[in-house]
1. Tell me the carbon and sulfur percent of the accessible area for the chain, rounded to whole percent, probe radius 1.4 Å.
2. Pick out, in residue order, every one of the GluC sites (Glu not before Pro) in segment 113-175 that is DSSP loop and has at most 14 other C-beta atoms within 10 Å; say none if there are none.
3. Would you mind classifying segment 100-160 by shape? Square roots of the alpha carbon gyration tensor eigenvalues, ordered a ≥ b ≥ c; an a/c under 1.5 is rounded, otherwise it is prolate if a/b is larger than b/c and oblate if not.
4. Indicate the gyration tensor shape class of the chain (rounded, prolate or oblate), computed on the Cα atoms with a ≥ b ≥ c the square roots of the eigenvalues: a/c under 1.5 is rounded; otherwise a/b larger than b/c is prolate and the rest oblate.
5. Using +1 at the Cβ of each Lys and Arg and -1 at the Cβ of each Asp and Glu in segment 74-114, identify which of Phe110, Leu100, Gln82 lies farthest towards the dipole's positive end.
6. What dipole magnitude, in Debye to the nearest 20, does segment 72-197 give about its Cα centre under +1 on Lys/Arg Cβ and -1 on Asp/Glu Cβ?
7. For Arg16 and Arg372 in one chain, what is 0.36 nm times their gap in residues minus the Cα-Cα distance, to one decimal in nm?
8. Around Gln347, which amide H atoms from residues at least 5 apart in sequence, or from another chain, sit under 5 Å from its own amide H, with H modelled in the peptide plane?
Amino acid sequence: MLSVDTIAAIATAPGRAGIGVIRLSGENLGDLATALCGRILAPRHATLSHFRDAHGELIDQGIALFFPAPASYTGEDVLELQGHGGDAVLRALLQRCLSLGARVAEPGEFTKRAYLNGKLDLAQAEAVADLIDAATEEAAKGAARSLSGEFSARVQELVRELINLRMLVEASLDFPEEDVDFLKAANAKGQLVEIEAKLNAVLLAAQQGSLLRAGLRVALVGRPNVGKSSLLNLLAGEDLAIVTPIPGTTRDPVRAPIQVDGVPLHIIDTAGLRNPTDAVELIGVERSWQAAQQANIVVHVCDASVGITEEDAAIAKRLPSGIQVLRVFNKADLLAAVATSQDNGAQLYMSAKTGAGLAQLKSRLLAMAGWRPGDESVIVARERHLQALHAARDHLVDARQRTAQLELFAEELRHAQQALSRISGEFTADELLGEIFSRFCIGK
Ligand code: GDP
């Protein structure tokens, strides 16, 4: 009898392809494999097989791979059937697996089982999805590093060192007469400072990785006709937004995904911010302000040939606080001498028409986002990981200020350790697991 818990899914993307893969995981898949392939499969051998339906009729022929538990992706018996990559044939083969007792897998269920069976920790399981979703080569490399366990290992090292320090402090609490000297002799403070430094390094690598994964939202705002759409097109390298000399042409924010240095930039061109003349334009202008609010960086585009107008100043005043703003003087080609010498941290001269200043714009945006090019230690991290690292760091900072009150010191260390353990999934609620795995693709 098959366990009710055998799962099956088409693991390859829908559509025509040379090969399509069906994957199964469960307990005691040997019998199912024999029924399906008409022979006993040797473990981990590519076996050319005829996949037949219940009446012995041929569905497809292909390669069957059988991985008995526990040496498999999920830690259970896993069977992979490589047939021809067509929707109809794969559906028929999946149907046959279901009739033999399997059920259709939920998104991410294979990886969830791998996690529950201790094959991966939670950060590695998330890296599987991030590797599949990676939009750039750099993001893929960072995800692969997390998948190989590099991120987890760095977090585990921090947890180990925190445990050592906690043991010292807890021992001092148990033997109060020796406390202060004991901690001094073991250089508890020095250990804490070292852990903090290591944590900061991991946090930096994770922040870089988070940029690679999620990208940077950049909103181009400014009054009509300053060249926002032209700038978007230049950035995107193709004609995405409508460029006209008539003010008010862009009514909806136009979005262009591009990548600079491997970092995905989501550039949003917004409707010219001016007092709207009709209801449609009004909506466009409202959306522009919303886009500006949701951006990581706002590029305030002005016209270099006219300088800052009253309208520009009014826009600058209304820009959301707490979001970094870069002022770009476009149309610098109309100036007698290009005023690049006036470029500084918060403003830049360029020309969307000639392309002058484009490279500076790109590198300025990345620098504002805190991107450090060529960093090989980048770890693709999620918001969840960043939050845990930030929480751990806050507790360590609090701990450092409480060395005189041993009990509070111990408590902060305990909280820091717990925050870090959330990354690997050691202290993770079931709802969070559901949330994480439901975003996977089926068959993974
Ligand atoms: P938007 O309304 O801010 O999106 O501005 P557009 O991109 O539609 O451009 C408005 C007008 O300015 C068009 O006629 C563009 O050709 C022109 N323009 C845009 N950028 C430049 C530039 O760098 N130099 C010059 N000389 N003209 C530009």
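The values are calculated or read from the model by the stated rules, or taken from the named source; none is laboratory data. Small disclaimer: the values here were computed from a predicted structure and weren't measured. All Cβ positions, even for glycine, are placed from backbone atoms using ideal geometry, and neighbour counts span all protein chains on display. Note: areas computed on protein heavy atoms with side chains; ligands, DNA, RNA excluded. Shrake-Rupley method; radii C 1.70, N 1.55, O 1.52, S 1.80 Å.
1. With neighbouring chains kept in place, the figure for the chain is 53 percent.
2. none
3. Note, shape of segment 100-160 comes out oblate.
4. Here the chain falls in the oblate category.
5. Value computed over the given set: Leu100.
6. Once rounded to the nearest 20, the dipole reads 700 debye.
7. Computed gain between Arg16 and Arg372 is 124.1 nm.
8. When sequence neighbours closer than 5 places are left aside, the close amide H contacts are Arg327.
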